[in-house]
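Novice: First, the structure itself, so that you have it in front of you.
The values are calculated or read from the model by the stated rules, or taken from the named source; none is laboratory data. Remember, it's a predicted structure, so these values are computed and weren't measured experimentally. Cβ placement follows ideal geometry from the backbone for every residue including glycine, while neighbour counts extend to all protein chains displayed. Please note that ligands, DNA and RNA were not included when accessible areas were found on the heavy atoms of the full protein model with its side chains. Shrake-Rupley method; radii C 1.70, N 1.55, O 1.52, S 1.80 Å.
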Amino acid sequence: MKLGIVGLPNVGKSTLFNAITKAGAEVANYPFCTILPNIGVVAVPDDRLYMLANLYNCKKIVHTNIEFVDIAGLVKDANKGEGLGNKFLSHIREVDAIIHVVRCFEDSNITHVNGSVDPLRDIEIINTELLLSDIEVLMRKIDRAKTQAKSGEKKYLNELEILQKLLAWLSAGKPARTIALSQEETEYVESLFLITWKKVIYCANISENENNDVKYTNIVSNYAKDDGSESIVICSRMEAELAELPDDERAILMEELSIEQSGLEKLISKSYRLLGLMSFLTAGEKETRAWTIPTNTKAPQAAGKIHSDFERGFIRAEVVNCELLLECGSYTVAKEKGKVRSEGKDYIVREGDVMLFRFNV
């Protein structure tokens, strides 16, 4: 999974990026501190892997990963070349979802590019720039499609019709992801890599005193609901401080501050839900591993995530819920108690399934 982080300058994007990836991106109190995109790969935290590894006496643990891309700050009229322009938006055309960081804190020591804190205004500035960037892409594609459609070939005529339909929708100020399309149209639009086609998590970045910023976070939360998107509240500065601590000290401080989840865990949880993803597990003496798949994936396709031969020669899957396996204390005991099931090609994999695939090629 790949997530792109966007927002105005000085809203805390790079601070958040550093906190969740520990990648050391430059952070400073001036606009456009980030120019080239910062990229960090993070292992998805999953305590189940450690417990399973202990059960199997396994030393190799493989987490599933998320890639974060920190994009330079956008400003109003970036499409016209203001600030750094928007040419670097190409870096997030291939991400799976967007994290839109919104400043929800007052701080006279940190310059606001627009002079004041106004989450709704800031959100709409960014969303307008993303729309205009997509419109520019569509107009170029329409010019090409018009030339191809002169042949009278149905394929090009259909593509031109979809592109013009999309252009009218975006020109009305509506993101591509909200347009109603047929399955065939959806597949074509996905190939365009439009930014406003991607799902969004609005991230309200607050100060250490959350109570002071509630009025701002409510604005972000309500906007996200109306937009059909997700929202979270994070204090980037606090996350950065926590990220510098050793694991044991971080856990103690989080407990003292009544922080149940880190910013990374919040983002992962929201991202998985937003994108319709889940994890199944494999475990043994050699390796314990998590695998990310779409929800409602059937067993053969889950097997194919490991290796194409597993899917091609799929016979059955031996499945046990992770919690039940851990309660039993061993795979053998779980099998003796009837907790291990044999599932066929129509089985829909569930979150937390520990799976052993039988196949023949």
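Novice: Expressed in whole Å with the largest first, what are the equivalent ellipsoid semi-axes of the range 97-215 derived from the C-alpha gyration tensor as the square root of 5 times each eigenvalue?
Specialist: Computed over the range 97-215, the values are 39, 14, 9 Å.
Novice: Would the chain count as rounded, prolate or oblate if I go by the C-alpha gyration tensor, calling it rounded below 1.5 in a/c and otherwise prolate when a/b exceeds b/c, oblate otherwise?
Specialist: oblate
Novice: Set the Förster radius R0 to 25 Å, insert the Cβ-Cβ distance between N209 and E260 as r into 1/(1 + (r/R0)^6), and round the FRET efficiency to 0.05.
Specialist: 0.85
Novice: Want the number for A180 to N296: 0.36 nm per residue separation, take away the alpha-carbon distance, what's left? Walk me through the numbers on the way to the answer.
Specialist: Numbers: separation 116, 0.36 × 116 = 41.76 nm, distance 2.25 nm.
In short, 39.5 nm is gained.
Novice: Working out 0.36 nm times the residue gap between I61 and D47, then minus their Cα-Cα distance, what length gain in nm do you get to one decimal?
Specialist: 4.0 nm is the gain from fully extending I61 to D47.
Novice: Still on this structure, I have one more. What are the GluC sites (Glu not before Pro) within the range 225-267 that DSSP puts in a loop, where the Cβ has at most 14 other Cβ atoms within 10 Å?
Specialist: Loop-located and lightly packed - E244, E260.
Novice: Now a separate question. State the Cα centre-to-centre distance between the range 185-206 and the range 223-244 in whole Å.
Specialist: 18
Novice: What whole-number distance in Å separates the alpha-carbon centres of the range 305-339 and the range 261-304?
Specialist: 16
Novice: Sticking with this one: With a 1.4 Å probe and every protein chain kept in, tell me what percent of the accessible surface of the chain is carbon plus sulfur.
Specialist: 48
Novice: Could you compute Rg(Cα) / (2.2 N^0.38 Å) for the range 228-361, with N its residue count?
Specialist: 1.31
Novice: Solvent-accessible area per residue for the chain at a 1.4 Å probe radius, Å²?
Specialist: 51
Novice: Another one. Please list the helices of the chain that count as membrane-span-like by this rule: a mean Kyte-Doolittle hydropathy of at least -0.5 together with Cα atoms stretching 20 Å or more along the helix axis, each helix being a complete DSSP H run.
Specialist: Within the chain the helices that satisfy the rule are 119-149, 154-171.
Novice: Using +1 at the C-beta of Lys and Arg and -1 at the C-beta of Asp and Glu, which of M254, I135, C322 has the Cα lying farthest in the positive direction of the dipole of the chain?
Specialist: I135
Novice: Loop sites only, by DSSP: take the trypsin sites (Lys or Arg not before Pro) in the chain that have at most 15 other C-beta atoms within 10 Å and name the longest stretch containing none of them.
Specialist: Value returned for the longest uninterrupted segment is 151-285.
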